[in-house]
Each structure stands twice: as structure tokens, then as C-alpha cells.
Amino acid sequence: MRILVAGGAGYIGSHTCLVLLEAGHEVIVADNLCNSKEESLRRVQQLTGKPILFYPVDVTEEAAVEKIFQEQHIDGVIHFAGLKAVGESVEQPVRYYYNNVVSTLTLCKVMKRHGVNKFVFSSSATVYGENAIPFVETMQLLPTTNPYGETKVMSERILTDVAAVEPDWSVALLRYFNPIGAHPSGRIGEDPQGIPNNLMPYVTQVASGKRERLRVWGNDYPTVDGTGVRDYIHVMDLAEGHVRALEKLCEEKGVLVYNLGTGHGVSVLQLVHAFEKANDLTIPYDICPRRAGDIAEFYADASKAERELGWKAARTIEDMCRDSWNWQRQNPQGYEV
Ligand SMILES: NC(=O)c1ccc[n+]([C@@H]2O[C@H](COP(=O)([O-])OP(=O)(O)OC[C@H]3O[C@@H](n4cnc5c(N)ncnc54)[C@H](O)[C@@H]3O)[C@@H](O)[C@H]2O)c1
């Protein structure tokens, strides 16, 4: 298939482009590089030996998206092109709502005009709100605590409403848990701008000496060791989940919702210790007060994706820790060469 990957130069997008190319699909990327570098795409092409057609466009701009669809035959769309920093979304709600919701609407509009009807959407476990664990796809969604989460809920709703009136459409809403890790080559990985928002890039930057100490936000949660528990998933497993979901959309119409997680919770300190062990390093850390809005513990019920997609996260926490460090060590400045 020829797949338009919106946001394909980013962290999850670049790994998914690689897996798509390796699975024999053709890839067209639309990305405005607001949180990524074109270098990621150059490296994916190097690793796979296959070309990517790149459009440096903002997918909220209808005319620019229209031009891609006029120039290229497209069979399906994967939409990664979102802003993702939860804290920033609280400070800049208009920017977040505009970017994340209008991008979904614009893609839908242009796809409909061109008869393209397969849509894979990057959703997030954040849509569950503070539900009981494990999170299951059939749960009623609870309010999220920030604009970022709301943009995911809104986009899910938009796509569900579109699919309800377009009988030929098939939509996959993929609810990611916590992606970490990198391609085992160490050539592509997560390249956060500024201070990382997520745990693993922070840990790897402490390991490399770029930051002094890790801050652990709270050790008095009702969890195994008091620190927050998340469901970390290797980005390569996540990328493979997208290809399986896309293949499923060729067989089934309507809206398909899948958790993409491992089904296992790992605490902050468990992850830090696993990282130390896998890489024979020490990560100095301080325990700090809880952060507003953080949930104590969540992880996926990942059984639906296994049952229906035949997909299951295969890589271990050790793999994730080793590959994250391998990427950081080889690219201390990220894609800045
Ligand atoms: N990384 C996570 O922890 C996580 C968890 C759950 C869901 N998600 C979602 O998955 C998607 C991808 O996340 P990621 O971690 O790869 O983030 P990322 O920032 O690395 O990738 C997003 C890409 O989209 C591009 N982009 C953003 N807005 C755009 C626009 N209007 N037009 C064109 N390009 C645009 C950015 O330049 C970037 O390359 C996002 O939608 C994010 O919300 C991520």
C-alpha cells in the first residue's frame, strides 16, 4: 500500500516508516518539522535502502494536504502529527486544540474528497482518565485533566462520527501506553527538544552527563515502591502494531479501538534500576514532591490487540533500556550532526 504518514519524521512516526518500508509498503511523509528533523527520514531511508517521499507541510493547512493527494496515489493515512507535551498544552490550549484537532479534520476532509478511507490515529492511554486498571478498550472514558488529553478524545470522537456515516471507512484508534526505546541500530530514536518531558529521555541524558540528576516525582503513591507505575512499550513493538492495524483495516470496516501496551506495569524506580543493570551505569536521582495531574498507576489490558491483530509486544524492559541508551550514546546531540 502507499501510506501517507503525517508526522512521520517524529519519534514514533520514523520507526513506523521504517517498519512500513520493511513490510513492503511505500511511504509518503507530511511533517512540518515543528518537533523533529528531516535527518530522521534520511536515516530511515539509509537503514531500509528504500525511498521516502517527503512533503514539508503543516497538515492543518488544507491546500497543502490537498496538493499531496493530487500528486500522489494514497491508500491510507497514519496520523502522528500532534503536539504532545501535556504541561505545555495547559499553558497553550489554543495552539494544542488547533493543531491536534484541525489536523484530524483536515486529513478527513481531504481523504473524503479523494476517496481514501483507511485512517490510523495516534491516540493515547490518557483518554481513559483516572479509570480502574488495567485500562480496557470498552471502558467509558473519564475526563482527562489537560487540553492534550482532550484533543485525543475529540479526535477519536470525530473519527468515530465520520466512520458512522461513511460505510467504506475503516478507522483504527490506537491508544498508546508509554513508548520508549529506539531502533536497535541506534540510528533513529527519540530526540526531544529542550528538557525532556518523559522519563526515559531524561534518564539517558543523566546517563550521558547532559543532566546532573533525575527527578522522581513522588514516592508516596500506593504502588509497589511508592513511585508512579506505567506500561512502557518498545517503540519498535509499537511501530509493528501500526502495520498490523493497517492490514486489519483492509479486512474490516468501521472503528477499531486497540490498546498498544505490554499489559505490565513498571515503576519509575524499577525502570531506573533496570536501566542501570542493562547498561552497567548509575543514575543519581532525587525524590521530589508529586506532580499535579499525575496518576499513580496505569497499564493496559493488551489482550484485544493480541486476539484481533495477532500482535503482542515482544521486547523486554531490558531491550528498551539497552536500545534507548544505545541511541543516546551514539547521538548525544540527537539528530543535530
Ligand atoms: N510519545 C508518547 O509518549 C506518546 C504517547 C501517546 C500518544 N502519542 C501520540 O503519538 C503521536 C506521535 O508522537 P511522537 O512521540 O512520535 O511525537 P513527535 O513530536 O516526535 O512526532 C510528532 C511529529 O508530528 C509533527 N507535527 C506536529 N504537528 C504537525 C502539523 N500540524 N503538521 C505536520 N507535522 C506536524 C512534528 O514535527 C513531529 O515530527 C502524537 O500524536 C502523540 O500525541 C505519543
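The values are calculated or read from the model by the stated rules, or taken from the named source; none is laboratory data. No experiment lies behind these values; they were computed from the predicted model shown. So basically every Cβ, Gly included, is an ideal-geometry build from the backbone, and we count neighbours across all protein chains shown. SASA here: full protein model, heavy atoms, side chains in, ligands and nucleic acids out. Shrake-Rupley method; radii C 1.70, N 1.55, O 1.52, S 1.80 Å.
Being out of contact with any helix residue (DSSP H, G or I) (no Cβ under 8 Å at 6 or more places or on another chain) and farther than 19 Å from Tyr299 by Cβ is the filter here, so list the residues in the stretch 144-172 that pass it. Spell out how you get there, then give the answer.
Within the stretch 144-172, the subset out of contact with any helix residue (DSSP H, G or I) (no Cβ under 8 Å at 6 or more places or on another chain) is 145, 157, 160-161, 163-165, 167-168.
Correct list: Arg157, Thr160, Asp161, Ala163, Ala164, Val165, Pro167, Asp168.
Select from the stretch 289-336 the residues that are among the aromatic types (Phe, Trp, Tyr) and in contact with a His (Cβ under 8 Å, 6 or more places away or on another chain) and list them in ascending order.
Those that are among the aromatic types (Phe, Trp, Tyr) and in contact with a His (Cβ under 8 Å, 6 or more places away or on another chain): Tyr299, Trp327.
From the list Glu88, Glu66, exactly one residue is among the acidic types (Asp, Glu), more than 30 Å from Asp231 (Cα to Cα) and either part of a helix (DSSP H, G or I) or under 19 Å from the mean Cα position of the chain (by Cα) (or both). Which is it?
The match here is Glu66.
Please count how many residues of the stretch 49-63 are of a type in the set (S, T, N, Q) and assigned to a strand (DSSP E or B).
Qualifying residue count, the stretch 49-63: 0.
Can you tell me which of (1) open to solvent by less than 10 Å² (accessible area, probe 1.4 Å); (2) assigned to a helix (DSSP H, G or I); (3) not small (Gly, Ala, Ser) is the one Val77 doesn't meet?
Evaluating Val77 over (1) open to solvent by less than 10 Å² (accessible area, probe 1.4 Å); (2) assigned to a helix (DSSP H, G or I); (3) not small (Gly, Ala, Ser) leaves (2) as the failure.
Sort out which residues of the stretch 26-48 are within 12 Å of the ligand (Cβ to nearest atom) and either under 11 Å from Ala81 (Cβ atoms) or not in a helix (DSSP H, G or I) (or both), and write them in order of number. Before the answer, list the steps.
Initially, the stretch 26-48 is screened for residues within 12 Å of the ligand (Cβ to nearest atom), giving 29-41.
Hits for the stretch 26-48 are Val29, Ala30, Asp31, Asn32, Leu33, Cys34, Asn35, Ser36, Lys37, Glu38.
Considering each of Thr126, Thr138, Thr145 in turn, give the residue that is over 19 Å from Ala305 (Cβ atoms), among the hydroxyl-bearing types (Ser, Thr, Tyr) and either within 13 Å of the ligand (Cβ to nearest atom) or open to solvent by 20 Å² or more (accessible area, probe 1.4 Å) (or both).
Numbers: Thr126 fails: over 19 Å from Ala305 (Cβ atoms); Thr138 fails: over 19 Å from Ala305 (Cβ atoms).
Unique residue meeting the criteria: Thr145.
Looking only at the stretch 253-298, filter to residues that are of a type in the set (Ser, Thr, Tyr) and farther than 20 Å from Asn197 by Cβ; which one of those is most open to solvent (accessible area, probe 1.4 Å)?
This residue is Thr282.
What tally of residues in the stretch 189-230 results from selecting those that are in a loop (DSSP other than H, G, I, E, B), within 25 Å of Glu88 (Cα to Cα) and of a type in the set (A, V, I, L, M, F, W, C)?
1
Exactly one of these conditions fails for Lys37: (1) open to solvent by 30 Å² or more (accessible area, probe 1.4 Å); (2) touching a residue at least 40 places away in the same chain (Cβ under 8 Å); (3) more than 17 Å from the chain's Cα centre (by Cα). Give me its number.
Condition (3) is where Lys37 drops out.
Quick one: would you say Lys84 is charged (D, E, K, R) and more than 13 Å from the ligand (Cβ to nearest atom)?
no
Please verify whether the stretch 166-178 includes one or more residues that are touching a His at 6+ places or on another chain (Cβ under 8 Å), assigned to a loop (DSSP other than H, G, I, E, B) and crowded, with 22+ Cβ neighbours inside 10 Å.
Looking for residues that are touching a His at 6+ places or on another chain (Cβ under 8 Å), assigned to a loop (DSSP other than H, G, I, E, B) and crowded, with 22+ Cβ neighbours inside 10 Å, one finds none in the stretch 166-178, hence no.
Which residue is nearest to Val90 (Cα to Cα), if the candidates are limited to the stretch 272-295 and must be among the aliphatic types (A, V, I, L, M) and touching a strand residue (DSSP E or B) at 6+ places or on another chain (Cβ under 7 Å)?
Among them, the one singled out is Ile287.
Can you name the condition, by its number, that Val90 falls short on among (1) within 30 Å of Ser324 (Cβ to Cβ); (2) open to solvent by less than 30 Å² (accessible area, probe 1.4 Å)?
Just one mismatch for Val90, condition (2).
Criterion first (surrounded by 16 or more Cβ atoms within 10 Å (Cβ to Cβ) and closer than 30 Å to Asp294 by Cβ) does Val65 satisfy it? Write out each step before concluding.
Details: surrounded by 16 or more Cβ atoms within 10 Å (Cβ to Cβ): yes; closer than 30 Å to Asp294 by Cβ: no.
Considered against the rule, which asks whether it is surrounded by 16 or more Cβ atoms within 10 Å (Cβ to Cβ) and closer than 30 Å to Asp294 by Cβ, Val65 comes out as no.
Conditions first: (1) in contact with an Asp or Glu (Cβ under 7 Å, 6 or more places away or on another chain); (2) farther than 30 Å from Ser303 by Cα. Asn178 passes all but one, so which condition is the exception?
(2)
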